[in-house]
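So the structure is just underneath, and the comments pick up after that.
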Amino acid sequence: MSKAILNVKGLTKNFGGIKAIDKVDLDIHPGEIVALIGPNGAGKTTFFNCLTGIYTPSEGDITLRNPESGKETRLNGMKPNKITEQGMARTFQNIRLFPTMSVLENVMIGRHCRTKALIFGAVFRNPATRREEEEIIATSYDILKKVGLHKQVDEEARNLSYGAQRRLEIGRALATEPFLLLLDEPAAGMNPKETETLVTLIREICKEGHSILLIEHDMKLVMSLSDRIFVMDYGKKIAQGTPEEVRSNPAVIKAYLGEDVDA
Amino acid sequence: MFPVKELKRSFLISIWFAFLTFPIMVIKVDPIERTVLWRWDNMFFIAFGSFVISILAKVYLLRKERRAGRKKAKKDIAEPFVQRILREPRFLYPLSLAVLVLALVFPMFFSTYQTNIMTTALMYVVLGLGLNIVVGVAGLLDLGYVAFYAVGAYSYALLNLHFGLGFWAVLPIGGLFAAFLGVLLGFPVLRLRGDYLAIVTLGFGEIIRLILENWNDFSQGPSGIANIPRPGFFGMDMSFASGITYIYYIVVALVIITIFVVNRLQNSRLGRAWLALREDEIACQAMGIDKTKTKLIAFSLGAFWAGFVGVIFAAKTTFVNPASFTFLESAIILSIVVLGGMGSIVGVIFGALILILMPEYLRALSEYRMLAFGGILVVMMVFKPDGIISNVRRSYRFKKHHSKEVIEP
Amino acid sequence: MDYFIELFFGGLTRGSIYALIALGYTMVYGIIGLINFAHGEIYMIGAFTSFIVATVLSIYGFPLLAIVVIAGLAAAVWSSAYGYTIEKLAYRPLRKAPRLAPLISAIGMSIFLQNYVLLAQTSDFLPFPALIPDFEFMEPVAHIVGSSDLAILVLTTLVMIGLTFLIKFTKIGKAMRATAQDKTMAVLVGINVDRVISATFVIGSALAAIGGMLIASHIGQINFYIGFIAGIKAFTAAVLGGIGSIPGAVLGSLVLGLTESFATGYISSDYEDVFAFSLLVLILIFKPSGLLGKAETKKV
């Protein structure tokens, strides 16, 4: 197997005296869909926030490896925007779109870190800037087509349906050209039909060469999508493996169902 | 037509206001002569006035409610008239041209005095547009904007005094000084959250003013610097009147340039990032936008414009002193932005013209004009908090079925 | 050493008056998240009301004690009435408006009130009657600590204790704390949030009025413009202590008062306000949540 694109070693995050994450290891290889599951409050979102630079980890190492250039970067203490530039993008558990901007503009914002024009370009609109602007629009439109929102480009993001907003968030993250995409509960609050569209979308994205790490509570979705699953409980990693291995792991069953159940 | 219950309510309101204003409005003491003047007539005016106003406000609200109900029934909300004009190029362009022609011939038909006032108003248009980048677009509440204005004005005054530099030489320097100061201040404070930023910028504005007031060796203190030369025109000597007209045209040119630049900025990669930053900072960072850098650009650009106008201000009045750069000035510029409609260029222009020209032409009520200014701000916010003209959403034209490969970084 | 003690007490006095005003800012901010710019004007109106009432009473020959009590009560009552009215007229309709709208409304209200007092009264400085007599027992230390310093310190301490009691133990105090923490939840458990907000304005205004009367009698003169700078200083103090926190407002005010006192005493009095604002800028840069404010944890 090729080298891991994300390597997390002994990641720990303390809030005051509480260990929200306790020595968690995790790795993702190119082309994989990996799920991070666990009961509510297990520390999954905190884990995401550490990876993406919103929190600074207390201990441990996070290393990102660009699969094409092979460049390795240690992410600890990096600013969120720098991390995104390295090729890892995310969505949020409670949708964080730019509500009064249009659907297209939301995706165009995602192109920000791959484009350059500043004051000079904005004011004088030199050919390079114009080309860049066209490229931004074209790419964003293509992405919207991919996530199925190209008919609503001019709609304000807040007017979209719940499922569409989640897809727009994915589209916006894709616009940053990540090789690793982190999805925080992408199916939360979706109806079965929307979930189905989402599964197809995630598969497609993966096929196009993006690796995916997702947090999800919908077990059907997790089991059918993931190549591997990591399970967290009380901040610790309690199991990892293929869906089958995890399903039959006694520690996992105990975490989800409580002490007294016979496995 | 008007319910008795409401009349009773208005009556109670008038009694309340009569009570409320009693000590300040009715009693006037002279502590030296030790006499008391009871001005009962004032109490009557207040009671009567508040009675009438409360009825009018109620009628307005009832009508608004009824209209809102009808609108819901009709379901399609008609786009406001102004919005429609702004959206349609075939209305917008001729209209802009007409306004431009009007602006150009203005000094020929109006007195020097009127031209001077118009110059002031247009300077505030530019100040408003500059602050609009900071507050309206990027959402950074700057309450000390006047500090940058002061930097520009004093740059010209001092550089002229000590080194004899002329207006045109200082114009860019003043702007750059202000922008530099913006970066200097912005760097540590821009990471503060909104309200803290507001108070720090306010404090900063006051610091600058106090320094100008107290550091006599540097700024000549409260008495200020006089005899600042007006801008020259290839070394020509100009009469007072033509000097005024000349500055008027300089400011008109500046307004045009500013509108052009601000419009382009808003519709650029940078402008989008500002808007996004206003809406959600965390999401912005997660999308790879450098929060500090983007904010800093907005902040110092705004400062640059203020510095620019500051130089013109010094040249126009030929005199600067710290009293021109109080917090009230910042408040007025901010009010222009908010009153006009945050982020909307046309709105800011309207806001500046209304707020600056109104008090000038209200001189009949001279002493009441600041009272009216404050009152109108409150009333405007209560009845139209989005400002006069809200921003027109941009829609992008693009080639459909355009399927270029994603450019690799 | 005497000079040091003098500056120290001067700073405490100044700080405790800032605290009376800062509390109003911090309470309002804690509950509706608004910088109530007009709060400084409430304080100014309090000072004016007490000035007018005290002067009238002294002209009619009332004894000093009666003058102090009646003027203080009048200032508190009318300032509260103004605070209540302002909230209803200028802020309540804007609860759901864009974030900057209430702030502009507050700035407008501040300008309006300044000019209202300017027009109805005068733009001149008015001599404020000395409401606090020189106590005899203070004679030996009078060159260091004045009687009015002492009176202000004692009075503000009493007011603070009263306020703490009110917020900790009374029904309205509990409702205020609940509303500050979570407005939606407060509504759900049956708290009348509108009334709580009104009460906050009333209490904050009354405190500011008392502050207004004390400082006016301490300094000996007033005019329509005193509210602005005092308001900004008090807000600075509130932010310094951590806005939204009541003990923070008091601490921040004392720190600010002492800093100003020592800086003007030992360095230069020209730059009094510059010290205050520089302190604010420094604290915010190094400890953005203020001295006692809770650091915000980002919920993502």
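Between A:S248 and B:F48, the simple spin-label model (points 7 angstrom out along Cα→Cβ) gives 9.5 nm.
Taking all protein chains as they are arranged and a probe of 1.4 Å, the heavy atoms of B:L184 leave approximately 100 Å² accessible to solvent. Over all other residues within a Cβ to Cβ distance under 10 Å of A:V34, the charged ones net out to -2, with Lys and Arg as +1 and Asp and Glu as -1. In the context of the full protein assembly, C:K88 retains an accessible surface of approximately 90 Å², using a probe radius of 1.4 Å and ignoring ligands and nucleic acids.
Please work out whether the stretch B:167-298 counts as rounded, prolate or oblate from its C-alpha gyration tensor, where a ≥ b ≥ c are the square roots of the eigenvalues and a/c under 1.5 means rounded, while otherwise a/b larger than b/c means prolate and anything else oblate?
Numbers: a/c = 3.27, a/b = 1.50, b/c = 2.18.
It comes out oblate by the Cα gyration axes.
The modelled label-to-label distance for the pair A:E204/B:T326, using points 7 Å beyond Cα in the direction of Cβ, is 6.3 nm.
In this structure the amide hydrogen of B:I27, modeled in the peptide plane, comes within under 5 Å of the amide hydrogens of B:R39, none closer than 5 places in sequence on its chain. With the helix formula -39500 (n - 2.57) applied to DSSP H stretches of n ≥ 4, chain C reaches a computed 222 nm mean residue ellipticity of -24500 deg cm²/dmol. A crude spin-label estimate for the pair B:V99 and B:L37, with each label 7 Å from Cα along the Cβ direction, gives 4.6 nm.
Between B:E6 and A:D227, what FRET efficiency follows from the Cβ-Cβ distance if R0 is 51 Å, with the result rounded to 0.05? Once rounded, the FRET efficiency stands at 0.15. Based on C-alpha pairs under 8 angstrom that are at least 6 apart in sequence, the stretch B:85-208 has a relative contact order of 27 percent. Taking every DSSP helix (H) stretch of at least 4 residues in chain B, weighting each as -39,500 (n - 2.57) and dividing the sum by the residue count yields a mean residue ellipticity at 222 nm of -23500 deg cm²/dmol. In this calculation the C-beta distance from A:H217 to A:K79 is compared with R0 = 35 Å, giving a FRET efficiency of 0.70. Among B:M108, C:M1, B:M287, the sequence by solvent-accessible area, most first, with a 1.4 Å probe is C:M1, B:M108, B:M287. Taking the longest Cα principal axis of chain A as reference, the axis of helix A:127-147 is set at about 40 degrees. Toward the positive end of the charge dipole of the protein assembly as shown, with +1 on the Cβ of Lys and Arg and -1 on the Cβ of Asp and Glu, the farthest Cα among A:Q93, C:S110, B:L95 is that of B:L95. Contact order, relative form, for chain A: 26 percent (alpha carbon pairs under 8 Å, 6 or more residues apart, mean separation divided by residue count). Taking every full run of DSSP H in chain B, the ones that stretch at least 18 Å from end to end by Cα along their long axis and average -0.5 or higher on the Kyte-Doolittle scale are B:4-20, B:40-74, B:89-109, B:112-131, B:146-163, B:167-189, B:194-214, B:240-266, B:291-317, B:327-340, B:345-361, B:369-383.
Here the Karplus curve 6.51 cos²θ - 1.76 cosθ + 1.60, taken at θ = phi - 60°, turns the phi angles of the stretch A:167-182 into couplings of 5, 5, 4, 5, x, 4, 5, 4, 4, 7, 6, x, 8, 10, 10, 9 Hz, with x standing for Gly and Pro.
Of the trypsin sites (Lys or Arg not before Pro) in the stretch A:103-188, the ones in a loop by DSSP (not H, G, I, E or B) with at most 12 other beta carbons within 10 Å are A:K116.
Please give the helix C:2-32 orientation as an angle from the longest Cα principal axis of chain C, in degrees from 0 to 90, rounded to the nearest 10. The angle comes out near 30 degrees. Taking a straight Cα-Cα cut-off under 13 Å and skipping sequence neighbours fewer than 8 places away in the same chain, the aspartates and glutamates within cross-link reach of A:K3 are A:D27, A:E32, A:E68, A:E72.
Mean sequence separation of contacting Cα pairs (under 8 Å, at least six apart), scaled by the length of chain B, corresponds to a relative contact order of 23 percent.
The values are calculated or read from the model by the stated rules, or taken from the named source; none is laboratory data. All of these numbers come straight from a predicted model, not from anything done at the bench. Don't worry about glycine lacking a Cβ; one is built from the backbone with ideal geometry, like all the others, and counts go over all protein chains shown. Remember, those area values only see protein heavy atoms, side chains included, never the ligands or the DNA or RNA. Shrake-Rupley method; radii C 1.70, N 1.55, O 1.52, S 1.80 Å.
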